Amino acid sequence: MAIVRGRVFGRVVAPLILLVAAAFFILPLFAMMRFALQNVQVIDLRWSNLFDKWSLAPLWSAFSDDQFGRALTLSLKLAFGTGLISLLLLVPTIVWVHLRLPRARSTVEFLTILPYVIPAIGMVAGIMVIKPHARWFLNSDLSLIPFYVVLALPFTFRSIDSGLKALDLRTLVEASRSLGYGWMRTIVHVIVPNLRTAILSCLFLTVAVVLGEYTIADVLLKRTFPAFMGEYRGSDPKGGYGLAILSLVVTTLIFMIIGLVSRPKSARRRRARGTT
Amino acid sequence: MTSLEFSSIRKCFGPTVALADFDLTIAPGEFISLLGPSGCGKTTALRIAAGFERADAGTVSLGGHELSPIPAHKRNMGMVFQSYSLFPNLDVRKNVAFGLKTRRLESSVIARRVDEMLEIVQLSGLGDRFPHQLSGGQQQRVALARALAVRPEVLLLDEPLSALDARVRSTLRDEIKRIQRDTGVTTLFVTHDQDEALAMSDRVGVMSEGRLEQVGSPHEVYQSPASPFVARFVGSINEIPSEQGTILVRPEALTIHENVLHGKWIGTVVASTFQGPSTLIDVRLDALDLLVRVHAPTGTYDGVAGSRVSISMVGDHLLAV
Amino acid sequence: MPFLAFLVLFLIVPAISVFSQALRGANGEFGFASMGEAFSGQNLDAFWFSITFSAGAAAVGTILGTLLAYVAASITRPRWLRNAVTAFSGVAANMGGLPLAFAFLSLLGRQGLGTKLLNGVGIDLYAGDFGLGEVTGLITVYSYFNIPLMVLVILPAIDGLKPAWREACSSLGGNSSTYWRRVGLPVLAPSILGGFILLFANSFSAYATAAQLTDNSKIVPLRIGFFLGGDVSVGEDAVGYALAAWMIVIMAVAMILYWALRRRAERWQS
């Protein structure tokens, strides 16, 4: 299986660690899936009836709940909006910082850590204060978007920043501008195509954040998908858990796809190092 | 001063044969370069000597003692890498002292040895600097000092000058040679730059695709190449068809005449490249439609494009294929 | 720049309003009374508990995460495995409170699958102090997102360990432990500490997960939730805001430390 640089320690201990880690991370998910899809109480569970009464019924009934479609659509809209605004904000800003203010880079990175300083519960507290004053704004469902943009900032910034770091930005921009492109066209036609992977991972990160964010949506009484899941669990635990599993699986798959898409680049780099 | 001997070494990486029938004996105190293009196996041979790779077959011996059972950290060989090998968290003094501290020498002894080493590489004032505060050339000097501090039996250098810019490279080249002569340590130097190999070594081993094509003094390798590969790789070559097959002739073995009467081959000057002490003149030969490069010391001939000239050979050709 | 404006509006403003509320007394006057109250008595106990608890969770996550990252970084075959680890870490690190709590409840809760399996082998999980709502259980659950977060943070640093260092150390006579002791760990130290701080902040401020598993009012975010929740008398919510304000202060200190460490680490990376 996995080999760690040929050392004897690596042959035994490393796979073992991976196995234990895999178990730790996959078993809870598996247990949740089993609960959702198998109609047997844990108390009655035996080796004999391990494969009985599995059905996707709880999932179907969750899907058919009338709130399901609405909640899912809202969350997807929010995810899309958050992703878009994140990109629109981040790409020009980071490009600008890379080119004009390299020393400010660490300061900007610090700013993006701020969401950690003011965690969800803090933001909730803050929002509750503002609530009476900004009712017109907070009434719209889409008002969650700015907050989500901020929440996703640590991750989205990282991906765009490392994507830009891998490019020889200055040369690209100078070449493009010397050929007659203005700033806007440079960004759109030269920089963005080279950032494809970073942009993709940024978008999927926002999807992950939006699909996982519960606290703020709950406080603002928006019926996003996670909020829906929470409520649904109250009435039908199996369905609720099943939905949770589904969203996790989907998100993981998406991330793996990103990983696959960006792999060719690193493999190429590895091969180039080679031997003499 | 110890000898280093490779005996029938063979090493494969998967389907690729990196080294085959590699035999080389380095005499005590000798400076040998392994020269060849990327992928020829020279670095592999070095790493096998250091203990970072294991040979599939054959043995490496240090002063007669076989090295295979001995792990890398017990082999007492100094090694200088291509770049980035200084420990970033330690300053220059601590870097140089690293091997000495591992051997648990007394701190006064260590301090003295570090001073001595820094003096040898001419970096005495920079002991307190950190690697990221040093230039490429300075870093490699520290790396050299660090490797020599432990008084190794053999010094291994893996393309140490390749990552440096031209001017630094030539200065450092002379220094390494001087230090090696002063300390007398047996040295194995790997490079793809023939100028380095020719300038620094007592003997040069030219390699291609895992095999040693020739081992000899720089003069031998340059003037009596054992194979077409060596002839082509070390220095430049003209390949001219003749009755004996294709003969390989060096540019400086040809003379150019400003008329079409004296020389063996007649042609037209196509281009000339001025190099300072000499000029390289490219001539297209009439009969053979071949581009030939001739080396002319400055002042003998200027090489105006379009002029009709003739070329003759001085002495014998290198090789006939 | 629009970016800054955005940040100010949606992050700083809520933060400031928290502080403004915290600095008002029970009758709406300006004063530090609430802040003081929020930092004494039961509240102080809560802060102390949360800090030590979060440090513990962070320590577990740091050690296990670094270990896992090292293993992941050294994987040479099969090649997709390392990508899988990174991809999953990205998801797991963001794991929302609800699904995570659900998952562990179904595995290790009193009616959990794992609990039952262990019973079958003779191990009673709940014999001692264990409980998902107790410290041990919470730390286990928190590790689910802490370990991947640590992996994501430290993997680039581990990649940055140049093989030449390892080999140079070897050629100078040092073995594995010499290398790690004198070069490897010192170089990784800023990143490891930085990761620890990040995990600390993450654990301290986790709300949703904790809310599902326990009603322990010693966990500060939960406490804030209680104070700001539905049936609390008018004056008391000022304490809630004060608690939030103090939490922000603690987080800010942690983040500044983190940032300083990151800058140091970057210096050695390039």
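Please treat every number below as a calculation from the coordinates, not as lab data. In this text, all values refer to a predicted model and were calculated from it rather than measured experimentally. Don't worry about glycine lacking a Cβ; one is built from the backbone with ideal geometry, like all the others, and counts go over all protein chains shown.
Kindly state, to the nearest 0.05, the FRET efficiency for residue C:177 paired with residue B:193, given R0 = 51 Å and r defined as their beta-carbon distance.
Computed FRET efficiency for residue C:177 and residue B:193: 0.85.
Each of A:145, C:224 was scored by other Cβ atoms within 10 Å of its Cβ. Arranged with the fewest first, they read A:145, C:224. You can think of it this way: the chain between residue B:219 and residue B:27 has 67.3 nm of extra reach, that is 0.36 nm per residue less the Cα-Cα gap.
Going by alpha carbons, how many degrees (0 to 90, nearest 10) lie between the helix axis of B:136-149 and the longest principal axis of chain B? Long axis of B:136-149 versus the principal axis of chain B: about 50 degrees. Working from label points 7 Å from Cα in the Cα-to-Cβ sense, the residue A:64 to residue B:16 distance is 6.1 nm.
Using the Cβ of residue B:291 as centre and a radius below 9 Å, the other residues enclosed give a net charge of 0, where K and R count +1 and D and E count -1. Fewest-first ordering of A:238, A:165 by other beta carbons within 10 Å of each residue's beta carbon gives A:165, A:238.
If I model chain B as equal point scatterers sitting on the Cα atoms and use the Debye formula, what is log10 I(q)/I(0) at q = 0.08, 0.11, 0.13 Å⁻¹? Results for chain B at q = 0.08, 0.11, 0.13 Å⁻¹ read -0.47, -0.78, -0.97. Placing dummy labels 7 Å off each Cα toward the beta-carbon, the span from residue B:183 to residue A:184 is 6.4 nm.
Determine, for each peptide in C:197-206, B:60-69, B:151-160, B:46-55, the mean count of other beta carbons within 10 angstrom over its residues, then list the peptides with the highest first.
C:197-206, B:151-160, B:46-55, B:60-69
Phi-derived couplings, Karplus 6.51 cos²θ - 1.76 cosθ + 1.60 at θ = phi - 60°, listed residue by residue for the range A:88-93: 4, 6, 6, 4, x, 4 Hz, with x used for Gly and Pro.
Rounded to the nearest 10 degrees, the angle from helix B:92-102 to the longest Cα principal axis of chain B is 60 degrees. Counting, for every residue in C:81-88, the Cβ atoms of other protein chains within 10 Å of its Cβ and taking the mean gives 6. Converting phi to 3J(HN,Hα) with the Karplus coefficients 6.51, -1.76 and 1.60 and the offset θ = phi - 60°, the range B:236-246 yields 9, 9, 9, 10, 10, x, 7, 5, 8, x, 8 Hz in sequence order, with x at every glycine or proline.
Bridges between two residues of chain B, per DSSP, are antiparallel at a rate of about 75%. With N counted as the residues of the range B:237-320, its alpha-carbon radius of gyration over 2.2 N^0.38 Å works out to 1.00. Residue order for C:80, C:246, fewest other beta carbons within 10 angstrom first, comes to C:80, C:246.
The C-alpha radius of gyration of the range C:134-184, expressed as a fraction of 2.2 N^0.38 Å, stands at 1.68. When the C-alpha to C-alpha distance is required to be over 20 Å, the pairs from B:11/B:42; B:42/B:74; B:74/B:101 that qualify are B:42/B:74.
Sequence-ordered 3J(HN,Hα) estimates for the range B:301-315 from the Karplus curve with 6.51, -1.76 and 1.60 and θ = phi - 60° stand at 7, 8, x, 7, 4, x, 6, 8, 9, 9, 10, 10, 9, 9, x Hz, glycine and proline given as x. Hey, with R₀ at 30 Å, roughly what FRET efficiency would residue C:257 and residue B:128 work out to, going by the Cβ-Cβ distance, to 0.05? Once rounded, the FRET efficiency stands at 0.65.
Which of the chymotrypsin sites (Phe, Trp or Tyr not before Pro) found in the range B:69-119 are loop residues per DSSP with 16 or fewer other Cβ atoms within 10 Å of their Cβ? List each step's numbers first, then the result.
Values: sites: B:81, B:84, B:98; in loops: B:81, B:84.
Passing sites in the range B:69-119 are B:84.
Computing FRET efficiency as 1/(1 + (r/R0)^6) for residue A:194 and residue A:84, where r is the C-beta to C-beta distance and R0 is 25 Å, gives about 0.85.
Inter-label distance, residue B:105 to residue A:231: 7.7 nm, where each label sits 7 Å from its Cα along the C-beta direction.
Subtracting the Cα-Cα distance of residue B:271 and residue B:316 from their residue separation scaled by 0.36 nm leaves 13.6 nm.
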